[in-house]
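Here the structure is laid out as structure tokens; the discussion comes afterwards.
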Amino acid sequence: KVSLTPYEEEVLAETRAINIDAYDFYMKGKYYWDQLTPEALQMALEYFNKAIEADPTWAPPYAGVAEFWIGVRQMGLAPSSITVPTIYKFLNKAIELDPNSANSHYVNALAAVWTGYDWAKGESEFLKVIELNPNDASNRAYYAHLLIFLKRPDEAYVQTKKALELDP
């Protein structure tokens, strides 16, 4: 007895089979990404690239490569002249392949805020992720971080609290 909006029906109709090898490689990439060390980031990149090789039409590993380059930029491991164009090359490919991917919009928010310093675009993308996947704790935590920059601590508190409820 659930009622869906036309938009929700459209998004749910867009299912596709996932290549299990690509999925395994992608998840290994995410595992290494979460460690946030230069060595682990390199492993993450290797696995994201293997996932792309296994299924070049699947968006998440492209977003993973973009996220890798965001991490490289944040850690100062490569100059912006290399990282920024590479971030957007892979991010744009992820969005092209799956414009309704909450994950791609999340990485787009990260890129907007921590690469382009575009607070409005970052906020818009964080809110899009909440619309697509309200249970993404990382998105809410990073959105709270942006809200602190924007001097909106009450809203940041709400997002932080929700993030902790979703992933203590």
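The values are calculated or read from the model by the stated rules, or taken from the named source; none is laboratory data. Predicted model only: the values in this text are computed from it and were never measured. Don't worry about glycine lacking a Cβ; one is built from the backbone with ideal geometry, like all the others, and counts go over all protein chains shown. The accessibility values were calculated without ligands, DNA or RNA, using every heavy atom of the protein model including side chains. Shrake-Rupley method; radii C 1.70, N 1.55, O 1.52, S 1.80 Å.
Assess whether residue 36 counts as being open to solvent by less than 90 Å² (accessible area, probe 1.4 Å) and either in contact with a strand residue (DSSP E or B) (Cβ under 7 Å, 6 or more places away or on another chain) or at positive phi (or both). Please lay out each step first, then the result.
Numbers: open to solvent by less than 90 Å² (accessible area, probe 1.4 Å): yes; either in contact with a strand residue (DSSP E or B) (Cβ under 7 Å, 6 or more places away or on another chain) or at positive phi (or both): yes.
Answer is yes for this residue.
Could you list all residues from segment 82-120 that are modelled with pLDDT of 95 or more, hydroxyl-bearing (Ser, Thr, Tyr) and farther than 18 Å from residue 30 by Cβ?
83, 86, 88
Just one of the numbered conditions (1) touching a residue at least 40 places away in the same chain (Cβ under 8 Å); (2) aliphatic (A, V, I, L, M); (3) under 19 Å from residue 105 (Cα atoms); (4) surrounded by fewer than 16 Cβ atoms within 10 Å (Cβ to Cβ) is not true of residue 18; which one?
With (1) touching a residue at least 40 places away in the same chain (Cβ under 8 Å); (2) aliphatic (A, V, I, L, M); (3) under 19 Å from residue 105 (Cα atoms); (4) surrounded by fewer than 16 Cβ atoms within 10 Å (Cβ to Cβ) applied to residue 18, the lone miss is (3).
Could you tell me which numbered condition residue 140 fails, if it satisfies all but one of (1) open to solvent by 30 Å² or more (accessible area, probe 1.4 Å); (2) of a type in the set (D, E, K, R); (3) part of a helix (DSSP H, G or I); (4) over 18 Å from residue 36 (Cα atoms)?
Of (1) open to solvent by 30 Å² or more (accessible area, probe 1.4 Å); (2) of a type in the set (D, E, K, R); (3) part of a helix (DSSP H, G or I); (4) over 18 Å from residue 36 (Cα atoms), only one is false for residue 140: (1).
Quick check on this structure: which one of 84, 107 is among the β-branched types (Val, Ile, Thr) and surrounded by 21 or more Cβ atoms within 10 Å (Cβ to Cβ)?
107
Identify, by number, the condition in (1) under 21 Å from residue 128 (Cβ atoms); (2) at pLDDT 95 or above; (3) of a type outside the set (S, T, N, Q) that residue 14 doesn't meet.
(2)
Here is a check on your reading of the model: is residue 91 under 10 Å from the mean Cα position of the chain (by Cα), assigned to a helix (DSSP H, G or I) and within 15 Å of residue 44 (Cβ to Cβ)?
Details: under 10 Å from the mean Cα position of the chain (by Cα): yes; assigned to a helix (DSSP H, G or I): yes; within 15 Å of residue 44 (Cβ to Cβ): no.
No: the conditions fail for residue 91.
Tell me which residues, restricted to segment 87-104, are open to solvent by 10 Å² or more (accessible area, probe 1.4 Å), touching a helix residue (DSSP H, G or I) at 6+ places or on another chain (Cβ under 6 Å) and of a type outside the set (Gly, Ala, Ser). Write out each step before concluding.
Residues of segment 87-104 that are open to solvent by 10 Å² or more (accessible area, probe 1.4 Å), as a first pass: 88-90, 92-93, 95-103.
Retained after the next criterion (residues that are touching a helix residue (DSSP H, G or I) at 6+ places or on another chain (Cβ under 6 Å)): 90, 93, 95, 97-98, 100-103.
Result: 90, 93, 95, 97, 98, 100, 103.
For a quick check of your reading of the model, give me the residue pairs whose first member lies in segment 68-84 and is closer than 14 Å to residue 39 by Cα, whose second is among the hydroxyl-bearing types (Ser, Thr, Tyr) and in a helix (DSSP H, G or I), with beta-carbon atoms closer than 7 Å and at least 6 apart or on different chains.
Within 7 Å, the pairs are 69/83; 69/86; 72/83.
So for segment 151-161 (the condition being of a type in the set (A, V, I, L, M, F, W, C) and either crowded, with 22+ Cβ neighbours inside 10 Å or in contact (Cβ under 8 Å) with a residue 24 or more places away in the chain (or both)), does at least one residue qualify?
no
Which of (1) closer than 26 Å to residue 117 by Cβ; (2) open to solvent by less than 40 Å² (accessible area, probe 1.4 Å); (3) over 18 Å from the mean Cα position of the chain (by Cα) does residue 72 not meet, given it meets every other one?
Of (1) closer than 26 Å to residue 117 by Cβ; (2) open to solvent by less than 40 Å² (accessible area, probe 1.4 Å); (3) over 18 Å from the mean Cα position of the chain (by Cα), only one is false for residue 72: (3).
At pLDDT 95 or above and closer than 23 Å to residue 6 by Cβ: is that true of residue 148 in this structure?
Numbers: at pLDDT 95 or above: yes; closer than 23 Å to residue 6 by Cβ: no.
The answer is no for residue 148.
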